[in-house]
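Novice: Here's a structure for you.
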Amino acid sequence: MPRIQLLSTRLANQIAAGEVVERPASVVKELLENSLDAGAGRIEIDVDAGGAKRIRIRDNGVGIDVDDLPLALSRHATSKIVELADLEAVATLGFRGEALASIASVSRLEILTNTGDSGPGWRARGEGRDMAVDVDQVQHPRGTTVEVRDLFFNTPARRRFLRSEKTEFGRIEDVVRKLALSHFEVSFVLRHNGKLVHDFRAARSRVEQERRVAMVCGATFMENALYIELERSGMKLWGWIAQPTFSRSQADLQYFFVNGRTIRDKVVVHAVRQAYQDVLYQGRHPAYVLFFDIDPTEVDVNVHPTKHEVRFRESRQVHDFLFSATHRAVADMRPADGMAPARLTTVSQLQAPQPVQESMRGLVGGGGYASAGSRPTTGSALGQMDVYRNLHQPAATASAPRIGDARADDEDIPPLGFAIAQLKGIYILAENAAGLVLVDMHAAHERITYERLKAAFAETRLASQPLLVPETLAVSEREADAVEEYQALFSQLGFVLQRAGPETLVVREMPSLLRGSDVTQLVRDVIADLIAQGASQRIEAHQNELLSTMACHGSVRANRRLTVPEMNALLRDMEETERSGQCNHGRPTWVQMPLTELDNLFLRGR
Ligand code: ADP
Ligand code: MG
């Protein structure tokens, strides 16, 4: 073994850079965080050749005192914390005091800065293996410019890992987008090879913020998103979440900020994912831009050098808060709130409706979801289409005010309007204030039945009703065994089943919410589900799937003729039911065709 020696400053910094400076985008992230910590209101980012050649960040923040300049380039030197206690409540984005030293050790770095509005500015560079800092006088306005040239020029191994200019610039854009979302009050300009790429103006009002969100996440996200805001026991969650019908095939539109810091966190992702449970297609991902503010002492940000991860001290409590806030909001997305989950815009889209929510403005103007409390979902016992008869009543409670498109004489028209006709035994056509509404009646009824089954099941058990004539059912021995094994569960689901022989069952009672449906088929399917799921996991984890199977049986089938009052009763139930914008499989249950778009189809008013 050779003898032990102290590493040179530059080499020690290069080793530290291994963790923090992975690629040009990490440089941009660190420098932008410094500018934000310095209170900048405007930041300009100039990038050449994907950042490998040059990155220059100019801010109008507080600047660096000339005497501190050498320290700014040293490792373990920071103005943001002094003692351990500060680390436990850190409010700045940086605090490790190593970014500038690390970047300077693997590039040619220059800092130009001025703390005042007048007087000269200063320039600092770190030279040689000891990174001695050379300071000279230059002209510079108040604020700081950091220029990083030839990244990794002295660390060829790192340089080889760089991808194409386009890829590296794409990562830089991601960094800028995230910080632009978490710092609405700051304006950002991003240029690549001298060409303007983004110009985010400072956004103070909600409307301006939404414009920025639309620039970052796309206009369709914004059109499909709902603004939420909720505060409880020192925690606050606010931002925009998209309706389930605007789901993504990738988890690529999920922005979550904790105290202004973008993070990846399992607790958070899980909580929000749970909120969308059973309204999303299998394998689809929800989209959101959410801000979570919590007392800094409740979260440990010193978990990873890149500060991409955090640890919540009370992670259970955080999970519950996030879940309940987002769950409520998702459950409340229904016609009564003026949400139009889908809209048809052009003739070509008649075949493939693009889900677009149209009355966002109105909602946003209303300021979040005031309806954060729970709403009764089991108010009536309308599980069955027979019951819809004679129930036509223009629901007075359902017409929540819609700021965006309210017209005086539309006040009494409920959100989903009144039924006009039924099409091919599949769709309901209705007229509301905006124009034409099309409803997939099976999908809608299935959701209503499902939500009722869930609510009733949650109150211990489903009410059952005796069959006038008990049904005898021939099954396999295995199926009959399963029924005996899960007797308690069947009775909870509202069935009374008896074994009448090795391969015979008798159904004596069924869930009253599902009366009128094909009971033998229903029982067979529930048994099949139970056998399929019971073997692998605990039944409780699958109870929603069981209820969903049951809901499917208990719902109006296609080709079932409905009277106008029955149709209207279904529309009113949709307005009252949580998650009624999507069927149990995440497909939309209704679409709005506004009159203006119908006019467009016929080239009216041009
Ligand atoms: P950290 O951000 O963790 O403190 P850095 O190495 O990123 O460490 O920066 C070191 C110090 O340099 C900061 O604590 C701050 O005082 C100063 N500094 C860096 N960039 C800026 C800037 N853009 N404006 C003002 N001060 C800055
Ligand atoms: Mg920093």
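The values are calculated or read from the model by the stated rules, or taken from the named source; none is laboratory data. This structure is a prediction, so every number in the text was calculated from the model and none was measured. Every residue, glycine as well, gets a Cβ built from its backbone with ideal geometry; the counts of neighbours run over all protein chains shown. Just so you know, the surface numbers come from the protein's heavy atoms only, side chains and all, with ligands and any DNA or RNA stripped out. Shrake-Rupley method; radii C 1.70, N 1.55, O 1.52, S 1.80 Å.
Novice: Identify, by number, the condition in (1) farther than 21 Å from Thr155 by Cβ; (2) within 16 Å of ligand 2 (Cβ to nearest atom); (3) hydroxyl-bearing (Ser, Thr, Tyr); (4) modelled with pLDDT of 95 or more that Thr115 doesn't meet.
Specialist: With respect to (1) farther than 21 Å from Thr155 by Cβ; (2) within 16 Å of ligand 2 (Cβ to nearest atom); (3) hydroxyl-bearing (Ser, Thr, Tyr); (4) modelled with pLDDT of 95 or more, Thr115 is out only on (2).
Novice: In segment 63-72, which residues are β-branched (Val, Ile, Thr) and within 14 Å of ligand 2 (Cβ to nearest atom)?
Specialist: Residue satisfying the conditions is Ile64 alone.
Novice: Does Ser26 meet the test of being at pLDDT 90 or above, within 13 Å of ligand 1 (Cβ to nearest atom) and part of a loop (DSSP other than H, G, I, E, B)?
Specialist: For Ser26, the condition - at pLDDT 90 or above, within 13 Å of ligand 1 (Cβ to nearest atom) and part of a loop (DSSP other than H, G, I, E, B) - is not met.
Novice: Take the residues of segment 448-477 that are of a type in the set (Asp, Glu) and over 23 Å from Asn584 (Cα atoms): which is surrounded by the fewest Cβ atoms within 10 Å (Cβ to Cβ)?
Specialist: Glu477
Novice: Quick check on segment 428-444. Is at least one of its residues loosely packed, with under 15 Cβ neighbours inside 10 Å and polar (S, T, N, Q)?
Specialist: no
Novice: Which condition from (1) surrounded by 18 or more Cβ atoms within 10 Å (Cβ to Cβ); (2) touching a residue at least 40 places away in the same chain (Cβ under 8 Å); (3) under 20 Å from Leu226 (Cα atoms) is the one that Tyr281 breaks?
Specialist: (1)
Novice: Right, next: Being without any contact (Cβ under 8 Å) to a residue 24 or more places away in the chain and not charged (D, E, K, R) is true for just one of Val303, Val310. Which residue is that?
Specialist: Of the residues listed, the single one that is without any contact (Cβ under 8 Å) to a residue 24 or more places away in the chain and not charged (D, E, K, R) is Val303.
Novice: Which residues, counting only those in segment 29-53, are closer than 15 Å to Glu110 by Cβ, more than 13 Å from ligand 1 (Cβ to nearest atom) and either open to solvent by 40 Å² or more (accessible area, probe 1.4 Å) or in a helix (DSSP H, G or I) (or both)?
Specialist: Scanning segment 29-53 gives a single hit, Lys53.
Novice: Please identify the pairs in which a residue from segment 61-73 that is under 17 Å from Ile103 (Cα atoms) and free of Cβ contacts under 8 Å to residues at least 60 places away in the same chain has its Cβ atom under 7 Å from the Cβ atom of a residue that is within 15 Å of ligand 2 (Cβ to nearest atom) and not in a loop (DSSP other than H, G, I, E, B), counting only partners at least 6 apart or on another chain.
Specialist: Final answer for the pair search is Ala72/Leu100; Ala72/Ile111.
Novice: Would you be able to say whether some residue in segment 465-477 is touching a residue at least 12 places away in the same chain (Cβ under 8 Å) and in a helix (DSSP H, G or I)?
Specialist: yes
Novice: Just give me the residues in segment 1-17 being away from ligand 2 (no atom under 15 Å from the Cβ) and in contact (Cβ under 8 Å) with a residue 40 or more places away in the chain, in sequence order.
Specialist: Answer for segment 1-17, where residues must be away from ligand 2 (no atom under 15 Å from the Cβ) and in contact (Cβ under 8 Å) with a residue 40 or more places away in the chain: Ser8, Thr9, Arg10, Leu11, Ala12, Gln14.
Novice: Suppose we keep only residues that are buried (at least 18 other Cβ atoms within 10 Å of the Cβ) and free of Cβ contacts under 8 Å to residues at least 60 places away in the same chain within segment 82-109. Which one would you say is nearest to ligand 2 (Cβ to nearest atom)?
Specialist: Result: Thr92.
Novice: Can you spot a residue in segment 10-22 that is open to solvent by 80 Å² or more (accessible area, probe 1.4 Å) and within 14 Å of ligand 1 (Cβ to nearest atom)?
Specialist: yes
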